[in-house]
Amino acid sequence: MTFRDAVREGIRDAMRKDARVFLMGEDVGHYGGCFAVSKGLLAEFGPGRIRDTPLMESAFVGAGIGAALGGMKPIVEIMTCNFSLLALDQIMNTAATLLHMSGGQFNVPLVIRMATGGGKQLAAQHSHSLEGWYAHIPGIKVLTPATLEDGYGMLTSALNDPDPVLIFENQTLYNMEGEALVNPGAVDIAKARVRREGKDVSIFTYGASLNKSLDAAATLEKEGISVEVVDLRVLRPLDDATIMASVAKTHRVLIVDEGWRSGGISAEISARIMEQAFYELDKPVTRVCSAEVPMPYAKHLETAALPQVESIIAAIKQLVPDHG
Amino acid sequence: MAKNIRMNAPLPDHDRARQLLHTMVLIRRFEEKCVELYSASKIRGFMHLYIGEEAVATGVIEQLQPDDAIVATYREHGQALAKGMSAGSIMAEMYGKVEGCARGRGGSMHLFDAKTRFCGGNAIVGGGLPLAVGLALADKMQNRKRVTVCFFGEGAVAEGEFHESMNLAALWQLPVLFLCENNLYAMGTALRLTESVTDIAKKGAAYNVESAAVDGMDLLAVSEAAAKAVAHVRECRPYLLECRTYRFRAHSMFDAELYRSKDEVTEWKKRDPITLFFEAMKAASVLSDADFEAVEKEVAKEVDDAVAFAEAGTWEPVSDLTRFVYSEGQRP
């Protein structure tokens, strides 16, 4: 089973269980989804619930907000997070504000899924990681699944949530293979999770960088460095407690983020560690982020722009020089 | 004056005429009071007045059922009052009091009321159109025969969301009434300076949305056109109704009105929708001067009560500041 299958099963099961759930977006029906996530769903549920939209991100996201207000549970798919900027007004000025602006009267139970991230040579208009940006906005929740369990379960939990939830699916994860899910269901969408225990240094990461971090940790273990890898899972709200507990355990921190460094989620996490766990630190917080360039097309340049296992290993060795 | 009235609309009976007059006068006097209170710094922020355009909200909303929804703009006091929201809750909102219809979190531009399905004043021009399409989609998917009316100004027609929303509503045959209040100026920029085709009703044809234009100063003409439009939408088909109207006051409280002449304003004021309607009703012996006086008296009390309600209101404790960013309980 792939990550793609897990997300599809999450959508399918939700639609089977609840007639209010429907999917809309560009090419989700006849084409089967830009990344083939919704392949086969049109045949099962028909065009009334698997709705191909025109190319109008702002209108179909806005229509999703309206449908949510009207008692439906829409899943809106935006092909990539770069395109979501065409709908940013609806997401930020409407979905995120309605509940508060209406004094608690109008909540928006909307789920927006979008592909994020680089690594497939899609260049500067299809490859960015904007989840950290979205995490800036109060009123929405930002989820970044990196496992099959979360691919399925976060969608389920997002649909149960009374407020707008954005799910960022890293496009390099769709083909990731994993064990078939047994009795899949909702997962918590509030907590980070320690994916690998360690004692020398903590990596805080999410999405596609999780696997790179786990690979780096496996390599470093052979060199005598014990790395704890924390999958943030949820970028808004951040799970400060899990982060600070890991800092208190290892006293050294590396943040790995496919977003840009300046003003990104890595900066936010670093600041929170300063505020809440400064005296636990043996070394300054370190970051591996994407290079501050629009994502280039050429393979070697794109590889250089993104966090990689090698750059993670190098950063850890700087943090833990007395090991190995 | 009465010569300007389109008398081919059926005459209302006394009760209906009185009710219509009441709604228009309420909107007018409520907003005149708002100006006073703004000058006294009781109301702050941006405030946009509907004075001059009362016939549009009054005539359109008269045709709606209580569970039909409205999505409005930042110039929405009139629609809110016409939909049946209490003047007190609106005034308290503008005071920023917790008794306001949005607990003082929205102010003049963001009136909300779930009970009357008033889904907000939206202050992003064009931003409400997709939302209205979505409300209509939800009704269609749940086989409810409800209508969603989306009010927007002619300025919004230049936004992409107008075109996207018209297309989607037509493509999916959704029960939404696109209600364009064409008051000729997008803030201070004239329609002729912003649209290559200034006949807005014509734009419906591009999306296969049935459309019409009506004299927005003529209450009965608006009401009649709205009745037809709402009946069409009730059958799950979108409709575009352009109401040609004029705001008598400045765009907001910070507008020196450099972009239009006093003569133009004076000419339009000769077609004041309240005067036009009342004079026609008087000429037809449907309403009398005594009716007008009685309506004024009732409205004066309603406005006074609204102000008293707002004055007596309380401030939400600052400790509640971050409430309602996320839902506090699960949705029923």
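For the reader, a short list of remarks on this structure follows.
- Picking from residues in segment B:102-117 that are more than 7 Å from chain A (Cβ to nearest Cβ) and of a type in the set (A, V, I, L, M, F, W, C), the one that is surrounded by the fewest Cβ atoms within 10 Å (Cβ to Cβ) is B:109.
- Residues being in a helix (DSSP H, G or I) and farther than 19 Å from residue A:63 by Cβ - total across segment B:150-182: 3
- Restricted to helices (runs of 4 or more DSSP H) entirely inside segment A:1-98, those with at least 1 residues that are within 10 Å of another protein chain (Cβ to nearest Cβ) and among the hydrophobic types (A, V, I, L, M, F, W, C) are A:57-69.
- Some residue of segment B:183-205 being within 14 Å of chain A (Cβ to nearest Cβ), surrounded by fewer than 20 Cβ atoms within 10 Å (Cβ to Cβ) and in a helix (DSSP H, G or I): no
For (1) buried (at least 22 other Cβ atoms within 10 Å of the Cβ); (2) without any contact (Cβ under 8 Å) to a residue 60 or more places away in the chain; (3) in a loop (DSSP other than H, G, I, E, B), each residue gets a yes or a no:
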residue: B:36; (1), (2), (3): no, yes, no
residue: B:66; (1), (2), (3): no, yes, yes
residue: B:72; (1), (2), (3): yes, no, no
residue: B:97; (1), (2), (3): no, no, yes
residue: B:119; (1), (2), (3): yes, yes, no
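- Among all positions in segment A:126-134, there is no residue which is within 14 Å of chain B (Cβ to nearest Cβ) and either modelled with pLDDT under 95 or surrounded by 24 or more Cβ atoms within 10 Å (Cβ to Cβ) (or both).
So that you can scan it fast, the table gives a plain yes or no per residue for (1) within 16 Å of the chain's Cα centre (by Cα); (2) acidic (Asp, Glu):
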site	(1), (2)
B:179	yes, no
B:182	yes, no
B:193	no, no
B:201	no, no
B:204	no, no
B:215	yes, yes
B:224	no, yes
B:233	no, no
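- From the list B:169, B:158, B:132, the lone residue that is without any contact (Cβ under 8 Å) to a residue 40 or more places away in the chain and either more than 9 Å from every other protein chain (Cβ to nearest Cβ) or crowded, with 20+ Cβ neighbours inside 10 Å (or both) is B:158.
- Selection status of residue A:112, under 20 Å from the mean Cα position of the chain (by Cα) and either in contact (Cβ under 8 Å) with a residue 60 or more places away in the chain or in a helix (DSSP H, G or I) (or both): no
- Lone qualifier among B:69, B:82, B:87 - being more than 14 Å from every other protein chain (Cβ to nearest Cβ) and closer than 25 Å to residue B:146 by Cβ: B:82
- Matching residues, segment B:135-152, being surrounded by fewer than 24 Cβ atoms within 10 Å (Cβ to Cβ) and either more than 10 Å from chain A (Cβ to nearest Cβ) or under 22 Å from residue B:82 (Cα atoms) (or both): B:143, B:145, B:146
Residue-wise test of (1) basic (Lys, Arg); (2) free of Cβ contacts under 8 Å to residues at least 40 places away in the same chain; (3) in contact with a Phe, Trp or Tyr (Cβ under 6 Å, 6 or more places away or on another chain).
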residue: A:235; (1), (2), (3): no, no, no
residue: A:240; (1), (2), (3): no, yes, no
residue: A:244; (1), (2), (3): no, yes, no
residue: A:248; (1), (2), (3): no, yes, no
residue: A:251; (1), (2), (3): no, yes, no
residue: A:258; (1), (2), (3): no, no, no
residue: A:267; (1), (2), (3): no, yes, no
residue: A:272; (1), (2), (3): yes, yes, no
residue: A:275; (1), (2), (3): no, yes, no
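The values are calculated or read from the model by the stated rules, or taken from the named source; none is laboratory data. Remember, it's a predicted structure, so these values are computed and weren't measured experimentally. Cβ atoms come from the backbone with ideal geometry, glycine included; neighbour counts cover every protein chain shown.
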